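To keep things clear, I will list the structure first and then write my remarks on it.
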Amino acid sequence: MKNSLPENTQHYDVVIIGGGASGLMTALVAAEHGKSVCILEKNKTAGNKLSITGGGRCNITNATFDVHEFLKNYGDSADFLYSPFSQFSASDTFEFFASRGLPLVTQARNRAFPASERAPDVTDFFLQHLQSLNVQIHTGSRVRKLITDGSDITGVDTGSRIITGDNYVLATGGVSHPETGSTGDGFKWLRDIGHTVTDPTPTIVPLAVRDRWVHNLSGVDLSFMKITFFCDGVKQFSKTGKILFTHFGISGPLILNSSSQVAGLLKWGTVTASIDMYPDTDMGALERNILKVFDTHKNKLLKNVLSEIVPTRLADTVMGLLPDIDYSTPVHSVSRDDRKRIAGLLKNMPMSIKGLMGFDRAVIADGGVPLTEIDTRTFRSMKYTNLYITGDLLHVNRPSGGYSLQLCWTSGYVVGKNM
């Protein structure tokens, strides 16, 4: 097969398709081990998604240094991933970046960021090191197909030329943030050469909500709220944390890490949710707290006192959801029933879940090659002896908080070292 390739063929030790997180890591480690490496990147620049991840701050990993504890976040994939994460764990990620000039810092919920808190600095870190190691990055290179002889990959067809290598790495990423070039190309090529590919779904994604009061709070974020989800009126699960209101619904870490479960509920029935604004205060205690506020401001109008008993910017929301209360009434004249209704609403702010937002807003999407078709000690394909598959092309469910990028660093490092 190789003898029939065109004269404009270029050959490398390692050919990497995709210049995202896992591709850049693979390239750097392979080059440090003396390999000649090229990256084929269809965008004008490498690292587009990496440069915007984590809200532009880049949540590089999660500072949970016990491998068994870390892997609990990968569900059924944990058993498959113990070997590679033993080779390159979260603690190794800290050492890897710091020893090469990019120190990390740990913040709330063990999330680790570059000390500068600038995602583009992580991309620049890789590009500078790759340049010094003479890694060839061919931007604007759209791959048309992988060339195979049935047991090996023998080349990559870019339309204008054929690139060949001793080893090939698919690191194109999944389908979240398609505006960065993650459009699922790798899934198609993998199917074309006989791999199973599980269809992707946006798993770490905001929720769309029907209720206008939610939309009207766009930009408001509330810490330590409890949200409970129901399917056809039956309670399913609750979580507590920060909630961000948006023009389409709700987001924030708490919601993102609930979306996969909500997706399952939406398949079975109507999904609603309820927010408890005071999860640490029972109904009786909340009523007493409201009464104390009313006693302090007994001569003021109710509409002017609401801001003393509800979270910031929610006074108008409460009035909109309880429109039959007369908010021009002096506080000393507010009935016991109306006071109880206000307290009840703060413990149960109802909303109707319309669905999940799409891939364009997904932080993470699952789907990809099942780990049963991968030798995860090296991330080599079990179908092709010289093909390796990394990062978001692997069908691994994981939460937000640094776990997706750690999968990229681990798979990229293990491939770069073991080829």
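Values in this text are rule-based calculations from the coordinates and carry no lab data. Worth saying up front: this structure is predicted, and the values here are computed from it rather than measured. Here Cβ is always computed from backbone atoms with ideal geometry, including for glycine, and neighbour counts include all displayed protein chains.
Note on the chain: helix-only mean residue ellipticity at 222 nm, from DSSP H runs of 4+ residues weighted -39500 (n - 2.57) and normalised by residue number, equals -9000 deg cm²/dmol.
Please report, to two decimal places, log10 I(q)/I(0) for the range 1-105 at q = 0.10, 0.19, 0.22, 0.25 Å⁻¹ as given by the Debye formula with identical point scatterers on the Cα atoms and no solvent. Evaluating at q = 0.10, 0.19, 0.22, 0.25 Å⁻¹ gives log10 I(q)/I(0) of -0.41, -1.17, -1.34, -1.39. Cross-link reach is defined here as a Cα-Cα straight distance under 21 Å, omitting same-chain residues fewer than 8 places apart; for residue 417 the lysines meeting it are 35, 383.
Quick one, can you get me the convex hull of the C-alpha atoms of the chain expressed as volume per residue in Å³?
With only Cα atoms used, the chain gives 146 Å³ per residue.
Round to the nearest 10 and give me the degree value, 0 to 90, for the angle of helix 78-87's Cα axis relative to the longest principal axis of the chain. The two axes meet at around 60 degrees.
Figure legend: label point modelled 7 angstrom from the Cα of residue 352 along Cα→Cβ; residues of the range 249-276 with amide N under 13 Å from it are 270-273. I'd like the orientation of helix 21-32 relative to the chain: the angle between its Cα long axis and the longest Cα principal axis, in ° from 0 to 90, rounded to 10. The two axes meet at around 40 degrees. You can think of it this way: the chain between residue 322 and residue 121 has 67.5 nm of extra reach, that is 0.36 nm per residue less the Cα-Cα gap. Sequence-ordered 3J(HN,Hα) estimates for the range 133-138 from the Karplus curve with 6.51, -1.76 and 1.60 and θ = phi - 60° stand at 9, 6, 6, 8, 10, 9 Hz, glycine and proline given as x. Neighbour counts of other Cβ atoms within 10 Å put 307, 51 in the fewest-to-most order 307, 51. Find the relative contact order for the chain and round it to a whole percent, using C-alpha pairs within less than 8 Å whose residues are 6+ positions apart. Computed over the chain, the figure is 24 percent. In this simple spin-label model, placing a label point 7 Å from the Cα along the Cα-to-Cβ direction at both residue 139 and residue 221 gives a separation of 3.1 nm. A Förster distance of 25 Å, applied to the separation of the beta-carbon atoms of residue 107 and residue 128, puts the FRET efficiency at 0.50. Note on residue 198 and residue 313: with the Förster distance fixed at 41 Å, the Cβ-Cβ geometry gives a FRET efficiency of about 0.50.
Shape analysis of the range 72-117 yields a ratio of the Cα radius of gyration to the Kirkwood radius, Rg/Rh, of 1.06. Residue pairs exceeding 27 angstrom between C-alpha atoms, taken from 226/267; 303/354; 226/354; 42/267: 303/354; 42/267. Model label sites at residue 291 and residue 336, defined 7 Å from Cα along the beta-carbon direction, differ in position by 0.9 nm.
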